[in-house]
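Sharing a structure, written as structure tokens. Questions coming.
Please treat every number below as a calculation from the coordinates, not as lab data. None of the values given here were measured: they were computed from a predicted structure. Neighbour counts are summed over all protein chains in view; Cβ atoms, including those assigned to glycine, are modelled from backbone coordinates with ideal geometry.
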Amino acid sequence: RDTLDCLGGVKAVFPLFAQFDQPVLRKLKESDVPTPDYSTDPRLNACVLELLGKLLRESASNQQFLEKYGGLSMLGYFLERVSPANLTLKAIANMRELVRSVKWSEPTVSSALKDLFTQWNIWVFAHPEVQHGLAREVLALAGAEDTGTAFRKLPVER
């Protein structure tokens with residue numbers, strides 16, 4: 001955490017989203033010419049979201065940065081541009097925990113609902129199982145009496 005704070009805090013994490021779908025050069029044998037491998041690791045997005053959540057929980061300055069500059073809206077923008085293979089049930093759980101674990105202002109919680117959970121451009125090509133998981137999250141949030149406590153009432157899946 002301290003190292004990432006020295007590099008700029010949450011600002012250092014956002015460029016990672018642009019790297020998710022970059023090819024990796026691999027050799028099948030030592031004598032082969034490297035060929036690009038375009039496969040995705042679906043755990044990467046979930047891990048970066050978990051890292052982002054931990055940075056936010058442990059640093060008031062990172063929280064203030066995200067609130068001041070609309071960081072959840074930026075996160076939605078980045079997620080919209082990654083491969084649907086990166087969108088998993090674990091990523092949804094980590095997004096929920098990211099929002100749930102910090103006491104955000106009402107506009108920021110509304111931004112989470114609008115820019116992450118109901119931004120259909122992010123989820124339209126996700127696996128149907130992931131879309132169903134997202135629908136369950138949104139329905140649970142819709143049943144809460146107010147958005148400020150909605151995320152705190154949801155159970156955390158580990």
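Leaving out same-chain residues fewer than 8 places away, which lysines sit with a Cα under 18 Å from that of LYS103?
Leaving aside lysines fewer than 8 places away in the same chain, those within reach of LYS103 are LYS54, LYS68, LYS114, LYS153.
What do the square roots of 5 times the Cα gyration tensor eigenvalues come to for the range 96-142, in whole Å, largest first, as semi-axes of the equivalent ellipsoid?
21, 11, 9
Moving on. Angle between the Cα long axis of helix 42-58 and the longest principal axis of the chain, 0 to 90 degrees, nearest 10?
With both axes taken from Cα atoms, the answer is about 40 degrees.
Across the Cα atoms of the range 2-153, what radius of gyration and what greatest pairwise Cα-Cα distance (Dmax) are found, in Å?
For the range 2-153, the Cα-based Rg and Dmax read 16.9, 63 Å.
Right, another one. What do you get for Rg/Rh over the range 1-86 if you use C-alpha atoms and the Kirkwood form of Rh?
Answer for the range 1-86: 1.09.
Taking the Cα centre of the chain as the origin and placing charges on Cβ (Lys, Arg +1; Asp, Glu -1), which of PHE125, SER111, PRO23 is farthest toward the positive end of the dipole?
Towards the positive end, the residue furthest out is SER111.
Any idea what angle helix 128-142 forms with the longest principal axis of the chain, computed on alpha-carbon atoms, 0 to 90 degrees, nearest 10?
20 degrees
Please give the calculated 222 nm ellipticity per residue for the chain, where each DSSP H segment of at least 4 residues contributes -39500 (n - 2.57) and the sum is spread over every residue; nearest 500 deg cm²/dmol?
Details: 9 runs with 87 residues, N = 158.
Value at 222 nm, helices only: -16000 deg cm²/dmol.
So which lysines pass the test for LYS27, namely a Cα distance under 18 Å, with those fewer than 8 places away in the same chain ruled out?
Of all the lysines, none pass the test against LYS27 - Cα under 18 Å, at least 8 places apart if same chain.
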